[in-house]
Structures are given as C-alpha cells and as structure tokens.
Amino acid sequence: MRIAEIQFVSWDKTYHFSTEDESLKNGDFVLVNTDLGREVGKIIAFNQDHETDDLKEVLRRAEKSEIIRSQDQERKDRALEVCKEIAERLKLDMKLVDVHFSFEGNRLNFAFIADGRVDFRELVKELTAQFNANIRLTQIGARDEARLTGDCGGCGKKLCCQGSVKDFSSVTSEMAEVQQVVHRGSDRISGMCGRLMCCLAYEYEGYKELREKMPAYGAKVNVDGRRGVVVGHHVLKQSVDVRFPAEKKGDRDTVLEIDLNRKNKKEDKKK
C-alpha cells in the first residue's frame, strides 16, 4: 500500500490517502472520497512514514473532463466577482484571492486576506442564497497569496513557495541575524509577500552550527601572545574580528581579522 499526499487547493493543507495503484505518480490528478464528498486532488508526494489508520482510499485517476471541470477558471471568476460585490456593499475590509468548488459543486470555499478578524456572517448568508450551496470562508496569509499568484524572487527564479516549500515553517529574525544579512535592510531580505524570505530557513542550521564553533562576541582571546576581545564574526570564512588595546598611550586600538581555521591548524601541528 502506498500513502499519497494530496492537495485540493494550493492555499489549503494537504491530506493523506491510501492507494494500491503502483502506476500513480507525483503530479497525477485523482478522484477521492472525503468526509464532505468527492474531490479531485493532485498528488504532490508519497509519504510512507504517515500513519495508515483510518485513511480513505484513492478511488481512481481523474479523467480529463473531471480535471477541467475542477479547474474551471470562468466559473471561479464569476463566483469571486459576486462575492466581491457583496463584500464591498457590506463594507468588509477583506481581499478575496481565490475560490474552490467541490467536485459536486455543492460547496464553495472562498480564500481571503485581511489584517484582522472579519465578521462575515452576513456575507455567508447572502452567498448561500446566491449559490444555493454550503459556503465557507478561509482566511489565508500573505505567503499563501504569493504561492497562489506566483512571481519571481530576487534571485530570478520561481518563488520557493511554488516549488520546494510544501509547509510554511516559521522564518524568524534570528535566522537573518545568524546569517548576517540583517544589515541589508528589510526590503532585501523580504520576499514578494512582504515577509522574511523562505530561503533564510534553508541554511540556518548550517550557519548556526558554524557559529557555535566560534568564540562569542565580547569573549577575551589570546592571539600570538596578545590579549584581545572578539568584536565581529565572519561565519562562512570562520574568522573573527579581534580588538587589541593600544600598546602606547595615545595610540588607537587595532582590530584584526583572525582566521580560526589557520589557528586550529597551528594547534594541531603543536600536538
């Protein structure tokens, strides 16, 4: 038995289903049964480590007509337009970005962005009457919108959230500090979504491991018989800036970059 990780819309979480079909592969569209009815979803991975208890089965590979039906952009655009008009009339401060129709068309899930909480109870009532369907509204974040709309990052490549990133992990300012890019300014370390770039999380553990091998800021060190204080780090180069006090009164302190690797090599030779 294989465990397929399936996604119905890019801004929603993924779900796991079991399958005995060995011909299925990543990128295939399949028809599945959910607690709310049938859905057409896309296989994005096979995860054998996931628990197999109570998993629903993949019914079969979706037919071309079913895939087209599930991705009917004209139907989505019409629904979004109706929802936007009602939201504007109700003066709701929200930005609608996408809508998902269930396979049977009896459920609609509207995705929106808002700075705070939105009381959309009246909106749901009007949409229910308009579409004669079960209505759900899901508030998503700016990173989800970037994944949905797509763009190119500062590196010139497709946004990570549209390819390599499946789950949005927390990207913190500490990651930027450890990688010594905070000085570049928020504009240069923020993605198209306005949040810290996802790629800051890729090399964080590596930088963190390298930094742990270095003496801390303010640490007193001996270099060639001179006593100094660590005032700067160059993590990738594995070197530190050390400030030495002036040897003569009236002279300025000196700051030298000390290569830790070279220092360690000297110590190995002594041993």
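Brief remarks on what is shown
- Exactly one residue out of E126, E85 is modelled with pLDDT of 95 or more, exposed (fewer than 13 other Cβ atoms within 10 Å of the Cβ), more than 23 Å from the chain's Cα centre (by Cα) and charged (D, E, K, R): that is E85.
- Which numbered condition V240 misses (of (1) in a strand (DSSP E or B); (2) out of contact with any strand residue (DSSP E or B) (no Cβ under 6 Å at 6 or more places or on another chain)): (2)
- In the stretch 167-190, the residues that are within 16 Å of the chain's Cα centre (by Cα) and modelled with pLDDT under 80: D167, F168, S169, S170
- Residue match in the stretch 229-241 (condition: touching a Pro at 6+ places or on another chain (Cβ under 6 Å) and more than 30 Å from C152 (Cα to Cα)): yes
- Applying the set (1) modelled with pLDDT of 85 or more; (2) surrounded by 14 or more Cβ atoms within 10 Å (Cβ to Cβ); (3) within 30 Å of L159 (Cβ to Cβ) to C198 leaves exactly one unmet item: (1).
- Hits in the stretch 1-45 (condition: among the hydrophobic types (A, V, I, L, M, F, W, C), within 20 Å of the chain's Cα centre (by Cα) and in a strand (DSSP E or B)): I6, I43, I44, A45
- If you go through the stretch 64-91 and keep only what is in contact with a strand residue (DSSP E or B) (Cβ under 9 Å, 6 or more places away or on another chain) and among the hydrophobic types (A, V, I, L, M, F, W, C), you end up with I67, A79, L80, C83, A87.
- Residues in the stretch 46-95 that are of a type in the set (A, V, I, L, M), more than 30 Å from A4 (Cα to Cα) and part of a helix (DSSP H, G or I): A79, L80, V82, I86, A87.
- Among the conditions (1) among the charged types (D, E, K, R); (2) surrounded by 15 or more Cβ atoms within 10 Å (Cβ to Cβ); (3) more than 21 Å from C160 (Cα to Cα), the only one that K42 does not satisfy is (3).
- Answer residue from the stretch 1-31, given it is surrounded by fewer than 14 Cβ atoms within 10 Å (Cβ to Cβ) and within 19 Å of S70 (Cα to Cα) and is modelled with the lowest pLDDT among those: K13
The values are calculated or read from the model by the stated rules, or taken from the named source; none is laboratory data. Note that the structure is a prediction, hence the values are computed from the model and not measured. Don't worry about glycine lacking a Cβ; one is built from the backbone with ideal geometry, like all the others, and counts go over all protein chains shown.
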